[in-house]
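This report concerns only the one structure given below.
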Amino acid sequence: MDSTPLPPQWAFFHAILRHLATKPDGDVQEQVHEAVPDLLQLSEAQRTERLPNMPHHLRYRYRSGWGLSMLKSAGYLDSPARGVWRITQRGRDLLALHPEGFTEEIGRQIVQQSRNTGPTPGGIDDSTPQSLLSAAQQTPDERIETAIKEIHQQVARELLDKISAAPPTFFEQLVLELLHALGYGASEEDLERVGHAGDGGIDGVISLDRLGFERVYIQAKRWQGSVGRPEVQAFYGALAGRRARKGVFITTSSFTREARDFASQVADNIVLIDGPRLTSLMIEHGVGVTHYRVLRLPRVDGDYFEGD
C-alpha cells in the first residue's frame, strides 16, 4: 500500500476552487499547481511522489491538472485567455455551499457532469445520489471501461487545448500527419502543405500514388464556432477549380446540420471531420499522444481445465 496516499480527487476540486476564488481575473495553470499542495497541506513525500508509469510527472500535479479539466468541463471554471483558469459564478456558488470541503458524493457528481461534457441545469443535487452509478455497483471490467473512457475524454480535451494554442501552420501539418497515419500516402514525401494567402481554400495535399495522379485535398480550420454550409460549399468550389475528386474538411469545432447536409449531397467528394472525431483518430493512431501503459487482464482458461 502507498505509504503517502494523496487526498482524494474531490479534495483537489475543492482546493482548486478555493485558490481561484481569490483570483478574480483567474490564474495560470502553473500557479494553481503551486498553490494546491499548501492548501491541501501535503507532506514533502506527497509533494515529490511521482507516477510509476510516468516518472517525469509528479502525482499531485497530475491530479490537480485532472481537476482543472473536469471542473472546466462541468462548468465550474472557464478560460478567459489562453492558459488562464478562472472560477465561474457557478463555481463560487458551489464553494459557498461547501466551504469546508466536498464529500465523496459531490466529487462523484462533478466527475459525472464532466463526463457529460457540460453542466446540468441547477447544479449539483445532493438529494439524488441514485443518479450516479457507484464503483461498488460496477463489475471490475465495467470499472476499467469507465476509467478508459474518462482518460480518453480528458486527453481529447487536452489535445484540443494544445491545438488551439499552437500556430495555424502546426495544425495544418498535424492534419497531414494524421491522414498519413490513417494510411493516406505511401510516404511522408507524399504530404504537401499548401496553406498560404491565395491558396484557394486548400491547406494540404496528399498523393495517393507515386505519380500523383490521385490526390486528396485538405482544408483545416481551427474555429471556435460551428463551420457552416458556406465554408463547406466554398471548399467544394475550390476542389472543382482543381478538378479534384476527393477532399477532407477538418475542424476543431463542429459542423452545422446544413453543412453536413450539403456534404452528404456530394458524398463522393467531401468527408467532414469535427473536433471529437479528430481527437478520437489522433488517440487511436498515436498522433500527438503516447500510450504509456498496456493492460494484460487475466481470466481462467476453461478449455485448459476441461481437456481430456
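Some points to look at:
- Residue that is surrounded by the most Cβ atoms within 10 Å (Cβ to Cβ) [pool: residues in segment 176-213 that are of a type in the set (D, E, K, R) and modelled with pLDDT of 75 or more]: Asp203
- Total residues in segment 57-102, condition among the charged types (D, E, K, R) and in a helix (DSSP H, G or I): 7
For (1) assigned to a loop (DSSP other than H, G, I, E, B); (2) among the aromatic types (Phe, Trp, Tyr); (3) not assigned by TED's automatic domain parsing to the domain that holds Leu176, each residue gets a yes or a no:
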{"residue": "Ile202", "(1), (2), (3)": "yes, no, no"}
{"residue": "Val232", "(1), (2), (3)": "no, no, no"}
{"residue": "Leu239", "(1), (2), (3)": "no, no, no"}
{"residue": "Ala244", "(1), (2), (3)": "yes, no, no"}
{"residue": "Ile250", "(1), (2), (3)": "no, no, no"}
{"residue": "Phe262", "(1), (2), (3)": "no, yes, no"}
{"residue": "Asp268", "(1), (2), (3)": "yes, no, no"}
{"residue": "Leu272", "(1), (2), (3)": "no, no, no"}
{"residue": "Leu297", "(1), (2), (3)": "yes, no, yes"}
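- The residue that is farthest from the chain's Cα centre (by Cα), counting only those in segment 151-186 that are in contact (Cβ under 8 Å) with a residue 12 or more places away in the chain and not in a helix (DSSP H, G or I), is Ala186.
The values are calculated or read from the model by the stated rules, or taken from the named source; none is laboratory data. Because the structure is a prediction, the values reported are computed rather than measured. Ideal geometry is used to build each Cβ from the backbone, glycine not excepted, and the neighbour counts take in all protein chains shown.
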